[in-house]
Amino acid sequence: MYKIAVMGEPDSIYGFATLGLDTFPFDSPEEAARQLRQMAEGDYAVIYITEGLAEGLKAEIDRYREQILPAIILLPGVSGNTGEGISRVKKSVEQAVGSDILFGGQNNE
Amino acid sequence: MAAKNITPTRMELTRLKRKLATTRRGHKLLKDKRDELMRQFMDLVRENMELRKKVEAGIKAANKNFVLAKSTMSEESVNVAFMTPKQEVSLSTDTKNIMSVDIPVFQYQTRTNDANDIYSYGLAFTSSDLDDAVKSLADLLPDMLHLAEVEKACQLMAAEIEKTRRRVNALEHVMIPETEASIKYISSKLDENERSTQIRLMKVKDMLLEEAHHYSERNGA
């Protein structure tokens, strides 16, 4: 049985605790990095991280990018949407196609 | 270019010809795989984009509710309200295979079956904004999990597509031309050998006949 974790600034994530997700409030990326590694090797299948915190954890997050588990998903925090989550999807497209064809197409719609 | 360290023998030629046939077949198969992967990836990535927009909008709305709730309640009472979560979510994962890429499939179970059993506090000391906030997050959870599934699948497929693309390109632009050049080199070398043998035989024949019949002396006479 796997669990779901939410990491981020305390204000952005405390709501998820009521849903039964495990929340890990962090302000500094250093501690968060350690925790992330521990969780990724433990029994967490999905780890949500707020965009603000993920900023300082890019290298750590990219390490798990090509593994099946855990799925690390960025969410906007309480301070607003930085667009980092969307830009990660773009990155996937660029990696696969070689150029950003999807979002060029969407602008025309 | 034609590698210089190949021995121009008939055996090598057959080996290379067989290798070229395999390479061509591999190239075609990989190309088909890449095209199909790409098609599936595009569908997935569109879904990913839509889900992401939906989830981000949902979280923004939920956060707004939380801020509202917090503004009418004291910090302590909010903390107390969330101290002991009632609900617990556990995931079971499975893998699905799309074109040789293993992607995760999540199924989640909640500890209690009642979807409304999410309020970990009594209603007496909290504002109704908090209820709304919690409810809006709870409604978002299935979408969030689906997003996790789809986004992970996109990442894994993107990596696989990149790998496949490189293989296709390596076969197309390196392996196949190289093998073709080697085959050409060997066959021209063999032809050359054959011609020189032929000439040598003709020459020897001439010499033998000369010795037997002394043509040149007769012609000279």
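Miscellaneous remarks
- The lone exception for B:Ala69 - which of (1) in contact with an Asp or Glu (Cβ under 9 Å, 6 or more places away or on another chain); (2) assigned to a helix (DSSP H, G or I); (3) within 7 Å of chain A (Cβ to nearest Cβ); (4) modelled with pLDDT under 90 it fails: (3)
- Hits in the range B:150-164 - residues which are more than 7 Å from chain A (Cβ to nearest Cβ) and more than 8 Å from the chain's Cα centre (by Cα): B:Val150, B:Ala153
- Hey, B:Ala159 at pLDDT 90 or above, of a type outside the set (Phe, Trp, Tyr) and under 30 Å from B:Glu56 (Cα atoms) or not: yes
- Some residue of the range B:80-96 being assigned to a helix (DSSP H, G or I) and modelled with pLDDT under 85: yes
- Scope the range A:12-57; condition within 14 Å of chain B (Cβ to nearest Cβ), of a type outside the set (Gly, Ala, Ser) and out of contact with any strand residue (DSSP E or B) (no Cβ under 8 Å at 6 or more places or on another chain); matching residues: A:Thr18
- Residue count for the range A:5-18, restricted to those that are of a type outside the set (S, T, N, Q) and either more than 12 Å from the chain's Cα centre (by Cα) or in a helix (DSSP H, G or I) (or both): 8.
- In the range B:1-35, residue surrounded by the fewest Cβ atoms within 10 Å (Cβ to Cβ) [restricted to those that are part of a helix (DSSP H, G or I) and hydrophobic (A, V, I, L, M, F, W, C)]: B:Met11
- The C-beta contact set for the range A:26-39 (first residue at pLDDT 85 or above, second residue β-branched (Val, Ile, Thr) and outside any helix (DSSP H, G or I), distance under 9 angstrom, 6+ apart or interchain) comprises A:Ala32/A:Ile49; A:Leu36/A:Ile47; A:Leu36/A:Ile49; A:Leu36/A:Ile72; A:Met39/A:Ile47.
- Exclusive hit being exposed (fewer than 11 other Cβ atoms within 10 Å of the Cβ) and either among the polar types (S, T, N, Q) or in contact with a Pro (Cβ under 8 Å, 6 or more places away or on another chain) (or both), set B:Ser188, B:Ser182, B:Ser196: B:Ser196
- Qualifying residue in the range B:166-182 (condition: farther than 21 Å from B:Lys28 by Cα, among the aliphatic types (A, V, I, L, M) and part of a helix (DSSP H, G or I)): no
- Filtered residues of the range B:36-64 (kept if surrounded by fewer than 20 Cβ atoms within 10 Å (Cβ to Cβ) and over 17 Å from B:Asp143 (Cα atoms)): B:Glu36, B:Met38, B:Arg39, B:Gln40, B:Met42, B:Asp43, B:Lys64
- Complete set of residues in the range A:36-77 that are assigned to a helix (DSSP H, G or I) and buried (at least 17 other Cβ atoms within 10 Å of the Cβ): A:Leu36, A:Met39, A:Ala40, A:Glu51, A:Gly52, A:Leu53, A:Ala54, A:Leu57, A:Glu60, A:Ile61
The values are calculated or read from the model by the stated rules, or taken from the named source; none is laboratory data. In this text, all values refer to a predicted model and were calculated from it rather than measured experimentally. For neighbour counting, all protein chains shown are included, and Cβ atoms are generated from backbone atoms with ideal geometry for every residue, glycine included.
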